[in-house]
Amino acid sequence: MKGRPLNLSLLFFLIITFIILFSVLEAYSTLITISEVEPLPGRDSITYFLSKYTGNVGQFNFMVETRSVGLLITGDDVYSAVITLYWSVEAPGGQDGRYFTISVSLYDDNRESLTSGSVTLCLRKGTHSESYTIALSNTNIDKVAEVETSIIDSGRWCKT
Amino acid sequence: MMKKTLIIFIFIILITTTLAYSTAIYVGDLGQLGASEKTPVAKYNLRVYSVSITVENNQITSITITVASSIPGTYNIYARVTNGTCTATATWTNVDLTTTPSSLSSSLTPQCSYTAAGATVEVGGEPA
């Protein structure tokens, strides 16, 4: 049995086909090889920013620090943040302390805000440390790339 | 006749392989692929639930973090504390992480000052 020799276009077609086939199989076998070594990185780091505020009004000095931040979770969603503040506040006679606004913001990889919350507190004069809960809208924890706190002086004295 | 048979045969192989491959990806990202169920390809997401620093005489002396991973396994974890130009790093090696948070503590060297406007804490890790 004697067949005609393969023409050039058919030969080209066969070569391209084999290259595609080889590439697909190669990609798949690479995936299998990777899987045997270790899981792949999805999110491998998260950044927290713990803020500190110092200021004064005349002779009265203020210092407020965020010393810890914790995220409260239900399922895979963050719903609140618990912050621990440490502060030293001086206030004039007749005033019990000063108002500060504490905020927590969650950001994704593109620095887009996912959720944020804040609370305005009367931080009584003297040196103290306390924890506070700030409500956030539910956010999937795996989207959170950054957790940032901020402290803003409201500019008002407070009485408790 | 032989040429046509060959072309059809190659087409069938190509289409079948392509369909199988694209279906595997479509079914559920890379997590569904793998050599067997014992060694699935999976993406781990490190989850950092809390960061807490200890401050003594305005110096950041130690750090405690609560961390978990969406894929259980053994990981090397680090926490890098930066304030201005000062950077201190704590590391934990061969930490068994699950989806349940684990608490890790370490002292920090050098001890950075805790000054306004604050300190950045980067917590990261990779499979050990």
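Whether a residue is polar (S, T, N, Q), within 12 Å of chain B (Cβ to nearest Cβ) and either surrounded by 19 or more Cβ atoms within 10 Å (Cβ to Cβ) or in a strand (DSSP E or B) (or both) was assessed, and A:Ser68 passes this test. Of all residue pairs spaced 6 or more apart or on separate chains, those with beta-carbon atoms under 7 Å, a first member in region B:77-92 that is surrounded by 15 or more Cβ atoms within 10 Å (Cβ to Cβ) and a second member that is acidic (Asp, Glu) are B:Arg80/B:Glu122. Quick check: anything in region A:85-98 of a type in the set (Val, Ile, Thr) and under 25 Å from B:Ile65 (Cα atoms)? Within region A:85-98, not a single residue is of a type in the set (Val, Ile, Thr) and under 25 Å from B:Ile65 (Cα atoms). Give region B:14-47 a look and list any residue that's of a type outside the set (Gly, Ala, Ser), modelled with pLDDT of 55 or more and more than 15 Å from A:Pro41 (Cα to Cα), or say none. Within region B:14-47, B:Leu14, B:Ile15, B:Thr16, B:Thr17, B:Thr18, B:Leu19, B:Tyr21, B:Thr23, B:Ile25, B:Tyr26, B:Val27 meet the criteria.
From the list A:Ser154, A:Ser116, A:Ser88, A:Ser129, which residue is surrounded by fewer than 13 Cβ atoms within 10 Å (Cβ to Cβ) and polar (S, T, N, Q)? That would be A:Ser129, the only listed residue that is surrounded by fewer than 13 Cβ atoms within 10 Å (Cβ to Cβ) and polar (S, T, N, Q). When only residues in region B:102-121 that are among the aliphatic types (A, V, I, L, M) and over 29 Å from B:Ser70 (Cβ atoms) count, which is nearest to the chain's Cα centre (by Cα)? Residue satisfying both the conditions and the ranking: B:Ala117. Condition test on A:Ser103, is it over 22 Å from B:Ala117 (Cα atoms) and either at pLDDT 95 or above or touching a Lys or Arg at 6+ places or on another chain (Cβ under 6 Å) (or both)? No; evaluated as a whole, the condition is false for this residue. Just so you know, in region A:132-151 the residues that are in contact with a Leu (Cβ under 8 Å, 6 or more places away or on another chain) and of a type in the set (Ser, Thr, Tyr) include one that is surrounded by the most Cβ atoms within 10 Å (Cβ to Cβ), and it is A:Thr149.
For B:Ser103, indicate whether it is under 27 Å from A:Ile151 (Cβ atoms), touching a residue at least 40 places away in the same chain (Cβ under 8 Å) and surrounded by fewer than 18 Cβ atoms within 10 Å (Cβ to Cβ). So B:Ser103 fails the test.
The values are calculated or read from the model by the stated rules, or taken from the named source; none is laboratory data. Because the structure is predicted, anything quoted here is derived from the model rather than measured. Note that we place each Cβ from the backbone using ideal geometry, even for glycine, and neighbour counts take in every protein chain shown.
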